[in-house]
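Working notes for the structure below.
The values are calculated or read from the model by the stated rules, or taken from the named source; none is laboratory data. The shown structure was predicted, so the numbers you read here are calculated from the model rather than taken from an experiment. Here the Cβ positions follow ideal geometry from the backbone for every residue, glycine too, while neighbour counts run over all protein chains shown. Heavy atoms of the whole protein, side chains included, go into the accessibility calculation; ligands, DNA and RNA do not. Shrake-Rupley method; radii C 1.70, N 1.55, O 1.52, S 1.80 Å.
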Amino acid sequence: MGSSFPDVKTVVDEAFPHALSELCRLVRIPSVSWPSFGPENVVQSAQEIAQLAQGTGLFEKVEVLRSLTSDGETLGQPAVVARRNATAGMPTILLYAHHDVQPPGDSSLWLSSAFEPVERDGRLYGRGAADDKAGIMSHITALQLLPTIVDSLEVGIVLFIEGEEEFGSPSFDRFLVDHHDMLDADVIVVADSGNWDTTTPALTTSLRGNVTFQLTVRTLDHALHSGMFGGLVPDAFLALTKIVNSFYSESGTIAVTGLLHTAPETPEFSEERVREESGLLSHVTTIGEGSFLNRLWHQPSITITGLDMPDLAHASNTLIPSVTARVSVRVAPGQSAEEAFNAVSQHINQHAPFGVLAEFSEVRLGEPFTADATGWASRAYATALSEVWDTSPVEMGVGGSIPFINSFVSSFPDAQVLVTGVEDPDSRAHSPNESLHIDSYKKAIEAELRFLVTCNSFSN
Ligand SMILES: [Zn+2]
């Protein structure tokens, strides 16, 4: 960085009021990607973002593009892709965020209107303020400021703002294939997660995978009078409960051989906070073993999320001949989803009682994710965050999955994937009264700008 250039903090301070008002402008567009919410809003937000990308003056090409969804017939929502090629030998950085938002939900639960951004107590309230329009504007603002900080821009940049993340990214996989050359990059920065809190930054370095399937258990070829046959032949629910019970040890730890459990160091997390955030009833205990965050981030879990059997209104004194459960398995980072499914299905076959044969259907595999924290880009981002926040970032795990990250990993296997974001524990993404911590937004811009400056002086 030459001495004739202003320092990063000063430029961000000066640009910030504009970055905040531009964010408000995007929040006012109700870009819900659900087909029933008016597709013209997602189209409009894509156009506005394309203009912002164009306005940075950095890109050779800015396009609003769509791909077909997996059904092969419907078009996905519009995404913005802008590309500037790198000077030979320099890396290309892809900056990802999404411009669609969750539906507002029950408007009576909002303290102010969902699509009219309002500032209260250092936070900006509005649907999409945090998830993920501040992610978009962190990218755009850092790009607007980059030329004022460096004398020659050599790093390659791809801006990729998706339009259907909240709707499950139905055309994403095909989009990555259709536009592979336009998106190709060495580093992928995903701004769609959050910080540890409003005083400690984070990089999201692991996500659990998710395997779901339907498990059907049959014991009889027709329903029987429970008085005539109960106690002599088993009903299907009895067989299912014995299987489900075998998943857990007495303490609630998963007892399935072959499912990976790991226990890296985790930050402190109090039982009080677990209770407060989960709504656990005061007389009910937590389950499992190890630190609380190990249980959430690095251990598997199995949950029955639905059951097909007669409901109470249709219950009669009969033995139920067959029952189907939907099973959701969270897979620890480090194990493949397929390996996890094999371990669980083998366990079920071994533990099915009374000679019952278990049947599996609708199997869906979502891979876990582990970032390579030792890659140069991760280290550079961690340094940038430390400089801005005055404290090192937490390497955060997330118990849930972000399916599109796996799509990036499989389409660009050599790229380093970094997961950052502007959310904090009070952001309430997807809920009424979603909000952005305004100072965290400013810090996100500053850290991203510092990171891009470092990338621009990259040397092999
Ligand atoms: Zn998001």
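Under the condition of being at pLDDT below 95 and either within 12 Å of the ligand (Cβ to nearest atom) or in a strand (DSSP E or B) (or both), the residues counted in the stretch 169-191 number 1.
S411 falls short on exactly one of the conditions (1) within 16 Å of I140 (Cα to Cα); (2) open to solvent by 20 Å² or more (accessible area, probe 1.4 Å), and that condition is (1).
Among residues that are within 16 Å of the ligand (Cβ to nearest atom) and polar (S, T, N, Q), S138 is included.
When S427, S410, S435 are checked against the criterion of being of a type outside the set (D, E), free of Cβ contacts under 8 Å to residues at least 60 places away in the same chain and assigned by TED's automatic domain parsing to the domain that holds L95, a single residue qualifies: S410.
How do the helices (runs of 4 or more DSSP H) wholly within the stretch 367-460 filter down when requiring 2 or more residues that are in contact with a Gly (Cβ under 9 Å, 6 or more places away or on another chain): which remain?
403-411, 438-456
Kindly evaluate F451 against the criterion of being crowded, with 20+ Cβ neighbours inside 10 Å, of a type in the set (F, W, Y) and away from the ligand (no atom under 15 Å from the Cβ). So F451 fits the description; yes. The set of residues in the stretch 279-316 being surrounded by 10 or more Cβ atoms within 10 Å (Cβ to Cβ), farther than 27 Å from L238 by Cβ and of a type in the set (S, T, N, Q) consists of T286, S291, N294, Q299. For I402, all conditions in the list (1) within 16 Å of the ligand (Cβ to nearest atom); (2) under 19 Å from P91 (Cα atoms); (3) β-branched (V, I, T) hold save one; what is the number of the exception? Looking at each condition in turn, I402 falls short on (2). Screening E367, E387, E395, E339 for residues that are in contact with a strand residue (DSSP E or B) (Cβ under 8 Å, 6 or more places away or on another chain), over 21 Å from F172 (Cβ atoms) and either surrounded by fewer than 17 Cβ atoms within 10 Å (Cβ to Cβ) or among the acidic types (D, E) (or both) leaves exactly one candidate, E395.
Out of everything in the stretch 317-334 that is part of a loop (DSSP other than H, G, I, E, B) and in contact with a His (Cβ under 9 Å, 6 or more places away or on another chain), what residue ends up being most open to solvent (accessible area, probe 1.4 Å)? Only one residue fits best here, namely N317. Under 27 Å from T141 (Cβ atoms) and part of a strand (DSSP E or B): which single residue out of T204, T200 fits that description? Going through T204, T200 in turn, the sole match is T204. Annotation note: of P35, P17, the sole residue that is more than 27 Å from the chain's Cα centre (by Cα), free of Cβ contacts under 8 Å to residues at least 40 places away in the same chain and away from the ligand (no atom under 16 Å from the Cβ) is P17.
I'm trying to understand the selection: among the residues of the stretch 11-28, which are buried (at least 23 other Cβ atoms within 10 Å of the Cβ) and within 15 Å of S113 (Cβ to Cβ)? Step through it out loud before you land on a result.
Our first condition is that a residue be buried (at least 23 other Cβ atoms within 10 Å of the Cβ); within the stretch 11-28, this holds for 12, 23, 26-27.
If the condition is that a residue be buried (at least 23 other Cβ atoms within 10 Å of the Cβ) and within 15 Å of S113 (Cβ to Cβ), then V27 is the only one that fits.
Residues in the stretch 151-165: is at least one open to solvent by 20 Å² or more (accessible area, probe 1.4 Å), acidic (D, E) and within 16 Å of the ligand (Cβ to nearest atom)? Checked against the condition, which is being open to solvent by 20 Å² or more (accessible area, probe 1.4 Å), acidic (D, E) and within 16 Å of the ligand (Cβ to nearest atom), the stretch 151-165 yields at least one hit.
Name the residue that is farthest from the ligand (Cβ to nearest atom), counting only residues in the stretch 405-448 that are charged (D, E, K, R) and touching a Ser or Thr at 6+ places or on another chain (Cβ under 8 Å). Going through the qualifying residues, I end up with D439.
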